[in-house]
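These notes concern the structure reproduced below.
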Amino acid sequence: MSKTAIVTGAASGIGLAIAKKFKQEGYATFCWDIQSPEAEHEIEFVHCDVSKESAVVEAYNVVKQKSGPADVLVNNCGLQFMAPLEEFPIEKWNQLIGVLLTGTFLCSKTVFSDMKSQKSGRIVNISSIHGKVASPFKAAYVSAKHGVHGLSKVMAVEGAEHGITVNNICPGFVDTPLMRNQVKKQMELNSMSEEEVLEKIFLKAQDIKKLTSPEQIADLTYFLTTDSASTITGESYSVSGGWGMGH
Ligand SMILES: NC(=O)c1ccc[n+]([C@@H]2O[C@H](COP(=O)([O-])OP(=O)(O)OC[C@H]3O[C@@H](n4cnc5c(N)ncnc54)[C@H](O)[C@@H]3O)[C@@H](O)[C@H]2O)c1
């Protein structure tokens, strides 16, 4: 029987590339998302708002019935909202913390006991360079991603004797709808072209002035679930073109 992988937020962007990679590697692959995938593909879609515990438990029951317990969980889904601190709406704060941090907690909590019983499991969180550093106007996002790093260390410690590893990937800018929406907003705010926004704002802190592709994140995610990575846990890998090194 194939191994089972769950990827949250796999209807789009990085999550979709990760789900495709696991499918290609022979996993029964499930996408948990609040929106259906744009295009037809072989990844099984289960509607799930990861910020709601009952929805996560229900989605996991579907996975278990179809393919058995999870071998791999990739906590990827996300969203962004930007505003100066004094104007940051509490509703947006709660939503981002709810999806990015509480969602990672709930999905991991739900698969953890099966991974313990199986004496093996792999959890990879798609965090962000903003799990390590700050940028203005991203209070909720930066707080949530820093929180994910604390949570993942606890999970790595609790999972270690049970063959479970937990790691974070911290991308700089990756070419996805979430990122392109931010570019559009900056074009309007600053009356700049797309190229100017990328050069002067987005890629300013990266020494390698290139966007990362979703497939590059998918390849590292997959590597962290292989036997070669069985002693890597509690780590946070930047894939950010050297963000902040030279500045
Ligand atoms: N794109 C980047 O530049 C970048 C950089 C660093 C980190 N990241 C992180 O990578 C992850 C994926 O980002 P992306 O750029 O592919 O975004 P995206 O917008 O393309 O995809 C995010 C997906 O998450 C889903 N989602 C949102 N709320 C959800 C919820 N409550 N429950 C389930 N699914 C939900 C969306 O429907 C969407 O399909 C996010 O965690 C993001 O913070 C992205």
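Here are a few things to note about the model shown:
- Residue satisfying all of: in segment 8-47; in a loop (DSSP other than H, G, I, E, B) and near the ligand (Cβ under 6 Å from one of its atoms); farthest from D71 (Cα to Cα) among these: Q35
- For segment 46-71, a residue qualifies if it is of a type outside the set (K, R) and out of contact with any helix residue (DSSP H, G or I) (no Cβ under 7 Å at 6 or more places or on another chain), and the qualifying residues are H47, S54, A55, E58, A59, N61, V62, V63, Q65, S67, G68, D71.
- Candidate set from segment 160-196 (those that are in a strand (DSSP E or B) and more than 8 Å from the ligand (Cβ to nearest atom)); member that is surrounded by the most Cβ atoms within 10 Å (Cβ to Cβ): V166
- Among the numbered conditions (1) within 15 Å of G159 (Cα to Cα); (2) in contact with a strand residue (DSSP E or B) (Cβ under 8 Å, 6 or more places away or on another chain), the only one that S113 does not meet is (2).
- Test set (1) among the aromatic types (F, W, Y); (2) crowded, with 20+ Cβ neighbours inside 10 Å; (3) within 13 Å of the ligand (Cβ to nearest atom) - F202 fails condition number: (2)
- Within segment 123-158, restricting attention to residues that are over 22 Å from K92 (Cβ atoms) and part of a strand (DSSP E or B), the residue that is nearest to the ligand (Cβ to nearest atom) is V124.
- Pairs, first polar (S, T, N, Q) in segment 47-69, second within 16 Å of the ligand (Cβ to nearest atom), C-beta under 8 Å, six or more apart: S51/Q95; S51/G98; S51/V99; S51/T102; S51/G103; S51/L106; S67/F30
- Complete set of residues in segment 1-10 that are surrounded by fewer than 22 Cβ atoms within 10 Å (Cβ to Cβ) and of a type in the set (A, V, I, L, M): M1
- Qualifying residue in segment 205-222 (condition: free of Cβ contacts under 8 Å to residues at least 60 places away in the same chain and touching a helix residue (DSSP H, G or I) at 6+ places or on another chain (Cβ under 6 Å)): no
- The combined condition, being part of a helix (DSSP H, G or I), within 20 Å of H146 (Cα to Cα), assigned by TED's automatic domain parsing to the domain that holds V124 and hydroxyl-bearing (S, T, Y), is not fulfilled by T233.
- Where a residue in segment 22-33 is among the aliphatic types (A, V, I, L, M) and its partner, wherever it lies, is surrounded by 24 or more Cβ atoms within 10 Å (Cβ to Cβ) and modelled with pLDDT of 95 or more, with Cβ under 8 Å and at least six apart: A28/A5
- For segment 51-85, the tally of residues that are aromatic (F, W, Y) and more than 30 Å from V183 (Cα to Cα) stands at 1.
- Selection within segment 1-21: residues that are at pLDDT 95 or above and among the hydroxyl-bearing types (S, T, Y). The member of this set that is farthest from L211 (Cα to Cα) is T4.
- E42 being at pLDDT below 95 and surrounded by fewer than 21 Cβ atoms within 10 Å (Cβ to Cβ): yes
The values are calculated or read from the model by the stated rules, or taken from the named source; none is laboratory data. Bear in mind that the values here come from a model prediction, so they are computed numbers and not experimental data. A quick note on method: Cβ atoms are made from the backbone with ideal geometry, for glycine too, and the neighbour counts reach across all protein chains shown.
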